[in-house]
1. What residue, among those in region 317-357 that are away from the ligand (no atom under 15 Å from the Cβ), small (G, A, S) and surrounded by fewer than 21 Cβ atoms within 10 Å (Cβ to Cβ), is farthest from R184 (Cα to Cα)?
2. Would you mention how many residues in region 305-316 are open to solvent by 10 Å² or more (accessible area, probe 1.4 Å) and either within 16 Å of the ligand (Cβ to nearest atom) or in contact with a helix residue (DSSP H, G or I) (Cβ under 8 Å, 6 or more places away or on another chain) (or both)?
3. Which numbered condition in (1) crowded, with 21+ Cβ neighbours inside 10 Å; (2) modelled with pLDDT of 95 or more is the only one that T161 fails?
4. Do you know which of the residues in region 282-296 that are touching a residue at least 24 places away in the same chain (Cβ under 8 Å) and in a helix (DSSP H, G or I) is least open to solvent (accessible area, probe 1.4 Å)?
5. Return yes or no: is I299 among the aliphatic types (A, V, I, L, M), surrounded by 22 or more Cβ atoms within 10 Å (Cβ to Cβ) and within 16 Å of the ligand (Cβ to nearest atom)?
6. Might you let me know whether region 263-280 holds any residue that is open to solvent by 20 Å² or more (accessible area, probe 1.4 Å) and within 14 Å of the ligand (Cβ to nearest atom)?
7. If you go through region 168-209 one residue at a time, how many are out of contact with any helix residue (DSSP H, G or I) (no Cβ under 8 Å at 6 or more places or on another chain), under 14 Å from I240 (Cα atoms) and open to solvent by less than 70 Å² (accessible area, probe 1.4 Å)?
Amino acid sequence: MNKKIAVIKGDGIGPEIVTEAMKVLDRIGEKFGHNFEYTEVLMGGCAIDATGSPLPQETIDTCLASDSVLLGAVGGPKWDNLAGNQRPEKGLLGIRSALKLFANIRPAKLFQPLASACPLKEEITANGLDLVIVRELIGGAYFGERSTTTDENGVEKAVDTMPYSDFEIERIMKVAFDMARKRRGKVNSVDKANVLDTSRLWRKIAHRYAELNPDIQFEDTLVDNCAMQLVRNPAQFDVIVTENLFGDILSDEASMITGSLGMIPSASLGETSLGLYEPIHGSAPDIAGQNKANPIATILSVAMMLRYSFDMPTEADAIENAVNSVLEDGYRTGDIMSDGMKFVTCSEMGNLITERV
Ligand code: NAD
């Protein structure tokens, strides 16, 4: 298969980690007979330096004309003092909205060789930890109307609103159910339907969708219970689907229980197969240019791209198995290093994973 990939290396460690991920992707192409065609485009600080804008129109056009987008990370101290709408991060929000990416997908998976980095007790993780959080990304409280007022008695009052429409809920359900179908076939829909009207609508639409898709095991979970169950018995979850604010909090909780920032990939998806794939960490300016970064989150982001945008599950498995095998043999970048393990650089880690694909 031929696939066009827009590549945004970005700032800080971005170029280093994306280079390693492209090595792995090229190896997948060789092994499975695919051709991945890359077009590098600018976004973030490097785009500001070159063009004056964090998100040049050319970048948007190239991404829209591609089958998928691979992103390293953007930002850094050099651009920290720019005004809000000129900052590198503006590029990130801009590209998500230009590509109409309304679903954020964050897996939380415990690689057994890194189990000691997991803050949960061994008896809890013995059953495994391999779940995905599907978070609605462009609705709810972060996008609703808000205001802060002071009344005649000097009482300050702030109001945030949390709007959701049926179609926004339905389209995120579709993402979650499609994902569950490619995994273990279970969806937990997380809401606060005992209190919030938006959650009651959420639940109504979720139930309607579940009835139309009886091949997927479906369960409602209240958000407070979900937060508790994630640390009590995470093995019960396969796909968790939830609204923006709950998803923001739960996905950080789920990431934390897997151990390291340098290990966690993510995807942002819309209604088409075009997705944006990136590690959840930032540009790590403190270690940029030193060949010290952990490229695994970016490499696993590429595995997600193969699975969710290109429908290549065997190829995705090949990458995930290669990562596991390298970790099992004790190779570690600095961020996940522990006693008795073998220290490797960013490029050595990339080479090891590439060799084992
Ligand atoms: P960060 O994630 O970049 O770094 C936090 C810490 O984790 C640092 O000590 C860093 O060295 C370490 N770290 C992160 N990724 C690593 C990796 N792959 N391997 C080894 N160590 C790693 O967060 P920050 O320091 O708060 O932010 C730095 C810059 O990144 C800021 O400009 C911020 O705005 C930006 N940022 C960008 C994104 C993005 O592009 N999606 C996300 C978060 C932060």
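The values are calculated or read from the model by the stated rules, or taken from the named source; none is laboratory data. Computed from a predicted model, the values in this text were never measured in an experiment. For neighbour counting, all protein chains shown are included, and Cβ atoms are generated from backbone atoms with ideal geometry for every residue, glycine included. Accessible surface areas use protein heavy atoms only, side chains included; no ligands, DNA or RNA. Shrake-Rupley method; radii C 1.70, N 1.55, O 1.52, S 1.80 Å.
1. Going through the qualifying residues, I end up with G340.
2. Qualifying residue count, region 305-316: 5.
3. So the condition that T161 fails would be (1).
4. As a first pass, look at region 282-296 and keep what is touching a residue at least 24 places away in the same chain (Cβ under 8 Å): 282-285, 287-289, 291-296.
Applying the additional criterion that residues be in a helix (DSSP H, G or I) yields 285, 287, 296.
Values: P285: 69, I287: 46, I296: 1 Å².
Of everything passing the filter in region 282-296, I296 is least open to solvent (accessible area, probe 1.4 Å).
5. Values: among the aliphatic types (A, V, I, L, M): yes; surrounded by 22 or more Cβ atoms within 10 Å (Cβ to Cβ): yes; within 16 Å of the ligand (Cβ to nearest atom): yes.
Answer is yes for this residue.
6. Among the residues of region 263-280, at least one is open to solvent by 20 Å² or more (accessible area, probe 1.4 Å) and within 14 Å of the ligand (Cβ to nearest atom), which makes the answer yes.
7. Qualifying residue count, region 168-209: 8.
Here is a yes/no grid of residues against (1) surrounded by 17 or more Cβ atoms within 10 Å (Cβ to Cβ); (2) at pLDDT 95 or above; (3) within 17 Å of the chain's Cα centre (by Cα):
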| position | (1), (2), (3) |
| --- | --- |
| T39 | no, yes, no |
| D80 | no, no, no |
| G84 | no, no, no |
| L92 | yes, no, yes |
| I95 | yes, no, yes |
| K100 | no, no, yes |
